[in-house]
Structure formats: structure tokens, C-alpha cells
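**Student:** My structure is below; once you've seen it, I'll send some questions.
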């Protein structure tokens, strides 16, 4: 039954995610403009060489596997989707839900939140609710949740670090490929007609390394760091809200605690009749 609930929760959570058009436009725009410049400047096919591509990609993957455990690499590759499909949960919506929960808990007791725990697709939020419903001490709840957030943040950091490392390795592999091509070119100096094409192929590895590093790997690492910061902020707001509920604080004070997490232009009050949400 638990596994069935977990699968259904994951399905609902996936449905809440929408494509981040900024990331898609950035990748397509950068790569598109590069290839468009190549196309207008000459033969597009002359910039494709399988050997050069294999040297850069294979060398980058190999160096990454040497540097990091295979499990970390698999997790990092799995979270690439978060760069394109971010979680749509917003601070505003979470704050509104927490304030409403504090109203019900203050009026009817903490046990009324049990139904929220059973329906909540966010595993961290669900755990927060369950800890509060079980009436654990606030200090113990904070300790448990901060520990979980700390290790989650560390996993996020390692994922971003892997892509940053790949961004550092790719240009180096491009340089190695260029040196390999130059050595092969120098062996054909007796044939002047072969020098030009050989030199072009040698330089392609540097081109591939630079494109992968500065258009793919480094931007992905930066996007994952941004996603991690957004997620940690949401979890921190959730934790503070649930701790306030566990302490039976007035809903107005709960709102005052949580509104600080919002930027000034997005702050609001649920207790003002004229407020628009």
C-alpha cells in the first residue's frame, strides 16, 4: 500500500512540473546560433568529425567516472530533468497552505492535519506534517528536518559539482584531441594537400570541448545550483511554518514569520479582506 501511494504521489508530482522555457530557449538559442553561424560561413558538414567527438565525449565521461563514484554520476544524470522541468510549488502557495493549516490546527487540534499528511505529494512536507501530528517536541522536529535538509543540499551540491567538473574536463580533452591531430598531421608533411584537412580535424576537438563546456556543462551546473537554492528555501519556509503550528502560535504570527521569505513585491496577507491572491 505504501509503495502504491508513493507511486501515485510521484505521478502527481510529475504532473505538477512544467517545462522551463528559459532553459530550453537558452540551450536551443546558443547551439542554434553557433550552427547558424557555421552554416552561413561555409560547409556545415565540415564541422562534424566522429573521431574528434568520441575523443572529447569519451574522455570527459571517463575522467568523470574516475573522479566521482558511479552512483553519484547516475544521480547527477537523473536530475538533469529538474533543469528543464522545475517543481511548480511556489512560496506563496505554500505559505497560504501553512497559514490555513495553522487556523485549523488551532481551532480543532493537531490531529486534524492527519488528512493533509495523507494527501500531500511532497515527501518533505508530508514528513513535516506527520512529525507535528505525532506531537514530537519542536526542538526534535527541527533537528530531524535540518539534518535531512543538510544531506539533501549536499547531494544537490555534488550533482552540480559533477557537471562543473565535466565543464573543466571537456576543453582539456579537446586540447588532447588537438595534439593527437597535430601529431598525425606532422606525419603527413610530405603531402601538402593533406595538411589543411588534418589541421581542421585537429581543431575540431577543441571546438567540441569548448561548446560542451560553456554551452552545456557549466550552464547545467549553474541551473542545478539555482534549483537547489529554490528548493531549500521552500523547505525552510515549510519547516518554520510547521514548527510554528506545533507551538500553537496564532495564525497571524505564523503569517508574519513566513512572509519574510517572500520578496517585497510578492508579499501579501490572508487577513486583509481586500487582499488578492
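**Student:** At R0 = 30 Å, how high is the FRET efficiency between residue 71 and residue 144 if r is their beta carbon distance? Nearest 0.05 is fine. Could the numbers behind the result be given before it?
**Tutor:** On the way: r = 24 Å, r/R0 = 0.82.
Step by step, r from the Cβ atoms, then E = 0.75.
**Student:** So how do 269, 52, 246, 165 line up by other beta-carbon neighbours within 10 Å, fewest first? Each step should come with its number before you reach the end.
**Tutor:** Working: 269 13, 52 26, 246 22, 165 18.
Final ranking by Cβ density, sparse to dense: 269, 165, 246, 52.
**Student:** Rounded to the nearest 10 degrees, what's the angle between the helix 123-133 long axis and the longest principal axis of the chain, both from Cα atoms, 0 to 90?
**Tutor:** Around 20 degrees separate the two axes.
**Student:** Quick one: order 261, 214, 21, 208 by neighbouring beta-carbon count within 10 Å, fewest to most.
**Tutor:** Values: 261 19, 214 14, 21 10, 208 25.
Starting with the residue having the fewest Cβ neighbours, the order is 21, 214, 261, 208.
**Student:** Right, another one. Return one number: the angle in degrees, 0 to 90 and rounded to the nearest 10, between the long axis of the Cα atoms of helix 218-246 and the longest principal axis of the Cα atoms of the chain.
**Tutor:** The angle comes out near 10 degrees.
**Student:** Right, here's the next one. In nm, what is the difference between 0.36 nm times the number of residues separating residue 153 and residue 265 and their Cα-Cα distance? Numbers along the way, then the final one.
**Tutor:** Working: separation 112, 0.36 × 112 = 40.32 nm, distance 2.75 nm.
Full-extension gain reported as 37.6 nm.
**Student:** Using alpha carbon centroids, what distance separates region 30-67 and region 157-189, in Å?
**Tutor:** For region 30-67 versus region 157-189, the Cα centre distance is 11 Å.
**Student:** Is any residue of region 216-254 close enough, with backbone N under 18 Å, to a label point placed 7 angstrom from the Cα of residue 136 along the Cα-Cβ axis, and if so, which?
**Tutor:** Taking a point 7 Å out along Cα→Cβ of residue 136, the residues of region 216-254 whose backbone N falls under 18 Å are 235-248.
**Student:** In percent, what relative contact order does region 51-262 have, based on Cα pairs under 8 Å that are 6 or more apart in sequence? All intermediate terms of the calculation are to be shown ahead of the outcome.
**Tutor:** Working: 236 pairs, mean separation 77.2, N = 212.
Once normalised by length, the contact order is 36 percent.
**Student:** Next question. Any chance you could check the Cα centroid distance between region 202-227 and region 79-135 for me, in angstrom?
**Tutor:** 37 Å
**Student:** When a footprinting reagent is the concern and you count Cβ atoms within 10 Å, what order do 99, 211 take, fewest first?
**Tutor:** Values: 99 22, 211 19.
Result, fewest neighbours first: 211, 99.
**Student:** Could you give the angle, 0 to 90 degrees to the nearest 10, between helix 91-108's Cα long axis and the longest principal axis of the Cα atoms of the chain?
**Tutor:** Taking the Cα atoms of the chain, the angle to 91-108 is about 20 degrees.
Bear in mind that the values in this text are calculations on the coordinates, not laboratory data. Not measured: the values here are computed from a predicted model. Counting neighbours? That spans all protein chains shown, and the Cβs are built from the backbone with ideal geometry, glycine included.
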